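These notes concern the structure reproduced below.
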Amino acid sequence: MDPEIQNMREVVLVYLDRSGGLQKFVRDCKKYNDSKQSYAVYRFIISINPSDIAELDATLGNYILHNPLQAAQIFQSVCFIAIKTLSLIEQLQTEAQISVLLKPTHLPPLPSYVLSLSAYPFNYTSQRFYMSEGIVIAMGIVTKYTQGARFLCIEETCPFSEGRFRCIRVHCPGATESATVRTDFVCSLCSSPLQEDMKFRVLGDKQIVEMIDAKVLDALKGYSTDTSHFRIQTFTVFLRDELANKMTIGNHYRIIGIPACVQNGLQATACIEVNSVQLYKPNGPSFVSDNFKYLLSLTSGSCWRFTAVLANIFASQIVPPGTYNTLKLAILLSLVQTCEKENTDYLDLLIVTSDALVIDRLLNYSLCLLPRGIRHPPSSEIFPSVSKDKHGTGSASIQACSAVLAKGGICYIGDLCSYKKDKLELLQSVLESRATTVFIPGKKYGEEADQQVTISVQTNFWSFVDVDSSSKKHTQKENFLIGQMDMSLIPVNLVDDFGLLIYNEFPSCRLSSPLVHHILKKAINPEAMLYKVSQQFRTQDYEEFILFARNLHVELSSEAENLIQGYYLASRRVRRDSIHGSTLSASALKILISLSKAHAKLSLRQTVREEDALIAILLLESSLTLKHGTSALCVAPNPVFPFDLSDENSLQQRDIYLMQCHHQLLKFIAAYGPGIHISTNEE
């Protein structure tokens, strides 16, 4: 025996003993032995820390990293000797029956161990470990594959025709089913055909997943300052046995595996046989820019000024400062209220406008402030769909979509009037449940029974309705309530399911001139910085600010909770009719809480105050007025920004106005809230 191989076997035994792998191996053997059943293949998973092994023996460490299939054979022989020496599995006969899967905990942080599908060339010929990462964009259903099988020679006089485990076929990374089980294998002794002993076939679970480089998110944004060009393609990932169903469609993962090339007829597909899967969670910035810190200190005397200035100067590259303030504040609130956690607070926006071009540019720009801001292309599906697996298995494959790819971010779906009735009904269902169900007919995809797969949709939706274009498609109704808009083109329940409805009419004659000048100057010189605030608060600064703010954990104060609850109960009593009951939907309370938390985050606070709740109530009341008409609270058409913010004096006037709104709100709650008592501050 080669002395180097013998030395590596000894190191393997020492490592297994020190790392606790030997104890786990003994436990696994006990499970096989207790079953009293003979298997063609006994499968063992061994966790490997490359750093620890390299410290014990550099040769073995290098062998594992660069020749994992041969290294697995060394572990296989050590395991066989241990089983025979300690009599761990009585049924085991030959070393070939042992299948060892090495699972490295990590790989060296060097470029040579990273496999990128957007880089050229793609080295799939060297069967060694690589680390790669990407987003899951398609997932097949779990099917069966052959882990191992026993074959017998059909020649009765041949020793290999006896019932011993001499001819064993075991699955190797990247191999197809035909490489493990087929009918043209011949005996190595007498060259007679081999026949499979079906009683000893070992089956395992297999799942085919399509992943794509995370750079695809940049290509799916509606607007980007990145002018670099790159090539992106999907790559196939095989999840087997314990790794099946370990991935979720739309999530970002880091994987360690062995690349291979799978032949399917005339088509060759690059794939990765995965050994380990880890959910990728990028760390958000732990700071905001100095300019934002200085602005926060300047406005610290009021709980409303900081967010007012933020909204006033936001997106100065797209629209002049001071225009579209209510919409820009709503956008910022929706941006910071994004998170990949389930059961989180969502904030969807539906904008009614007569200037779709400017609104579209503003929303496109805002998408790019998040890692996952997706502009839905009209040619694709918003929600997951099912198609046949392209690898020739005939099984079903669930394809991702804009809403799933925007997980933890924003999905901008454009003009709502451009979608047909069935799409709007599906959107309404998703907004209500934050999940969608994919139906898989078993007969069509080779399964015995039909299946239903439920996929969570964790994203905020943005959309708009163009008043000018929609008015041409239908006859407007008459007899509206005061403040109510004609939304008859969109289903009423769908409008209610959007968190905020914002009417953004074209700026008045006094404000239209700056907007026109801005558009003309940008058309002449797109890269020009037209305003000083654009240099002080860059797009990158807003990106860092939003990523920092959305990761803040905020809690409702008792005062804010009482104010929200009082307004909600009073509004349910006021907004009702004799036929349908209360016109205030049950989701309004969630929307209020989400708006309040978002305003606290945007203010860089971790406690929701009454001032945050007041802004939330004014925004929601304005939205309800557009949907159902004005109520006894009777807020102004633009309650959060009643006048221009040009200097500190205008900010002071706004504070006084909001304090008056707060006092008016308390009176409203006292008059219409059933048994609600909120202490008032007479000052």
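Points to keep in mind about this one:
- Antiparallel bridges, percent of DSSP beta bridges restricted to the chain (to nearest 5): 65
- List Lys667, Lys221, Lys590, ordered by accessible area with a 1.4 Å probe, largest first: Lys590, Lys667, Lys221
- Averaging the Cα positions of each part gives two centres, and for the range 280-306 and the range 4-55 these lie 52 Å apart.
- Note, ³J(HN,Hα) from phi for the range 270-278, Karplus 6.51, -1.76, 1.60, rounded to Hz, x at Gly and Pro: 6, 9, 10, 7, 7, 9, 8, 10, 9
- Compared with the rule-of-thumb size 2.2 N^0.38 Å for a compact globular protein, the range 302-441 has a Cα radius of gyration ratio of 1.23.
- Dividing the mean sequence gap of close Cα pairs (under 8 Å, 6+ apart) by how many residues the range 132-255 holds gives a relative contact order of 39 percent.
- Basic side chains Lys and Arg get +1 at the Cβ, acidic Asp and Glu get -1 at the Cβ, and with that the dipole of the range 525-632 about its Cα centre reaches some 360 debye.
- Average accessible area per residue (Å²) across the range 1-75 - probe 1.4 Å, nucleic acids and ligands excluded: 53
- Applying a threshold of 29 Å to the alpha-carbon distances of Lys31/Lys206; Lys36/Lys206; Lys388/Lys423; Lys597/Lys667; Lys215/Lys421 flags Lys215/Lys421 as lying beyond it.
- Phi-derived couplings, Karplus 6.51 cos²θ - 1.76 cosθ + 1.60 at θ = phi - 60°, listed residue by residue for the range 628-634: 10, x, 6, 10, 5, 5, 6 Hz, with x used for Gly and Pro.
- Protein heavy-atom accessible surface, 1.4 Å probe, per residue over the range 235-349: 38 Å².
- Relative contact order of the range 66-158, defined on C-alpha pairs under 8 angstrom at six or more residues apart (%): 30
- The fraction of accessible area contributed by carbon and sulfur in the chain is 51 percent, rounded to a whole number (1.4 Å probe; ligands and nucleic acids excluded).
- Aspartates and glutamates whose Cα lies under 17 Å from that of Lys328, excluding same-chain neighbours fewer than 8 positions away: Asp348, Asp355, Asp360, Glu505, Asp541, Glu543, Asp612, Asp644
- The chain - percent relative contact order, Cα under 8 Å, separation 6 or more: 11
- Evaluating 6.51 cos²θ - 1.76 cosθ + 1.60 at θ = phi - 60° for every residue in the range 186-203, the Karplus couplings come out as 10, 6, 6, 8, 10, 6, 7, x, 9, 10, 6, 8, 4, 5, 10, 5, 10, 9 Hz, glycine and proline recorded as x.
- Residue range of the chain that is longest and free of chymotrypsin sites (Phe, Trp or Tyr not before Pro) which are both DSSP loop and sparsely packed (at most 16 other C-beta within 10 Å): 288-479
- Gyration tensor (alpha-carbon) shape descriptor, the range 47-176, a/c threshold 1.5: oblate
- Annotation: lysines with alpha-carbon distance below 16 angstrom to Lys532 (same-chain offsets under eight excluded): Lys521, Lys522.
- Cα-derived Rg to Rh of the chain, Kirkwood definition: 1.08
- Computed over the range 183-329, the P(r) curve from all C-alpha pair distances, binned at 10 Å from the origin, holds 8, 19, 21, 18, 14, 10, 4, 4, 2, 0 percent per bin.
The values are calculated or read from the model by the stated rules, or taken from the named source; none is laboratory data. Note that this is a predicted model, so its numbers are computed, not measured. FYI the Cβ positions are ideal-geometry reconstructions off the backbone, even for glycines, and counts take in every protein chain you see. Side chains are part of the model used for accessible areas, which takes the heavy atoms of the whole protein and leaves out ligands, DNA and RNA. Shrake-Rupley method; radii C 1.70, N 1.55, O 1.52, S 1.80 Å.
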